[in-house]
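The values are calculated or read from the model by the stated rules, or taken from the named source; none is laboratory data. This one's a predicted model, so the numbers in the text were calculated from it and none came from an experiment. Positions of Cβ are generated from backbone atoms using ideal geometry, with glycine treated the same way; all protein chains shown enter the neighbour counts.
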Amino acid sequence: MKVTVVGAGNVGASCADVISYRGIASEVVLLDIREGFAEGKAMDLMQCATNTGFNTVITGVTNDYAKTANSDVVVITSGIPRKPGMTREELIGINAGIVKSVADNVLTHSPNAIIVVVSNPMDTMTYLTLKATGLPKNRVIGMGGALDSSRFRYYLSKALDKPSNDVSAMVIGGHGDTTMIPLTRLASYNGIPVSQFLSEEELAKVASATMVGGATLTGLLGTSAWYAPGASVAYLVDSILNDQKKMIACSVMLDGEYGQDDICIGVPCIIGKNGVEQILDINLSDSEKEAFAKSADAVRNMNGDLSSILG
Ligand SMILES: NC(=O)c1ccc[n+]([C@@H]2O[C@H](COP(=O)([O-])OP(=O)(O)OC[C@H]3O[C@@H](n4cnc5c(N)ncnc54)[C@H](O)[C@@H]3O)[C@@H](O)[C@H]2O)c1
Ligand SMILES: O=C(O)C[C@H](O)C(=O)O
């Protein structure tokens, strides 16, 4: 199985690292526009093989899309990350042009690939990729919910003082500081609602920390995060390539689900070899429905900024 990762920067390289280390794909091509950069990242990663014991072949190329031919999955991480104090939405001006040209190029050589969109603002870039390429909606998946949900589980585990793997929780809605919706009501500690262990005030703090999880890391690191983003992409790619049919919150095109149309936004999906195999239209409470509608309004508003690029 072949995966192309466009953008060999922090997230792209971290994702290639996890994919190879965990043996998720037999072949990974890293592609970057910066001369020699992807080649260097691939060489460095391949020199881990004997110590960590993986067999994946990682190749790096400078803008040579022919080398990405016949990829099963293409991950788009190319573009700029935010700096402290910025929102993800401020990246649209530069990243929209990059994502559109990359999507066109990869499809020329891998017409059957499933595309995973990572570049920010991710929901808007996912919508752009779908509209610009005309691909069926099961083949374009925005990655954000997997990361936000893992951050939610992390903050819950800290509040509970228990391991995050014993915590089950999901974030839906937009992948933005004010648009994501941690589903606190449905979060559990080994099947027991977390509300049995944490007060409303503690749960509200966890939800707020989750929503600004990316901004917190950007403030600490000077650029946005990459280890958890890379691992989250690899988790999603694993479910596609190995047809695991995991339920993962992904940004996908809605067609009536959650009362929304013509928008890519995070909802629980079954992810398998065909990409998005099912969208789970779960019952939300009135306040969750209200939050989802508000989140969708904000995401839809950003899509309006694509009119010049989509024509
Ligand atoms: N969806 C998410 O959950 C999530 C998580 C983390 C980061 N991100 C986003 O992912 C993107 C990448 O973040 P990063 O930290 O890896 O940034 P980075 O700067 O480390 O890497 C980006 C890479 O893209 C390359 N690039 C730029 N234009 C290109 C083009 N036209 N073709 C090929 N490569 C090109 C750059 O040379 C660079 O190496 C950002 O937009 C960031 O906001 C999203
Ligand atoms: O925070 C960012 O800008 C990057 C990414 O979307 C994240 O959540 O880590």
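Observations
- Test: residue in the stretch 141-164 that is within 20 Å of Thr77 (Cβ to Cβ) and away from ligand 2 (no atom under 14 Å from the Cβ): yes
- Of all the residues in the stretch 105-155, those that are within 9 Å of ligand 1 (Cβ to nearest atom) and surrounded by fewer than 24 Cβ atoms within 10 Å (Cβ to Cβ) number 1.
Conditions (1) assigned by the TED database to the domain that holds Thr56; (2) within 14 Å of ligand 1 (Cβ to nearest atom); (3) in contact with a Lys or Arg (Cβ under 9 Å, 6 or more places away or on another chain); (4) closer than 19 Å to Ser157 by Cβ, marked per residue:
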residue	(1), (2), (3), (4)
Gly191	no, no, no, yes
Phe197	no, no, yes, yes
Lys205	no, no, no, yes
Val233	no, yes, no, no
Asp261	no, no, no, no
Cys264	no, yes, yes, no
Val267	no, no, no, no
Ser285	no, no, yes, no
Glu288	no, no, yes, no
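- Which listed residue is over 23 Å from Ala159 (Cβ atoms) and either in the same structural domain as Lys158 (by the TED database) or free of Cβ contacts under 8 Å to residues at least 24 places away in the same chain (or both), from Gly213, Gly256: Gly256
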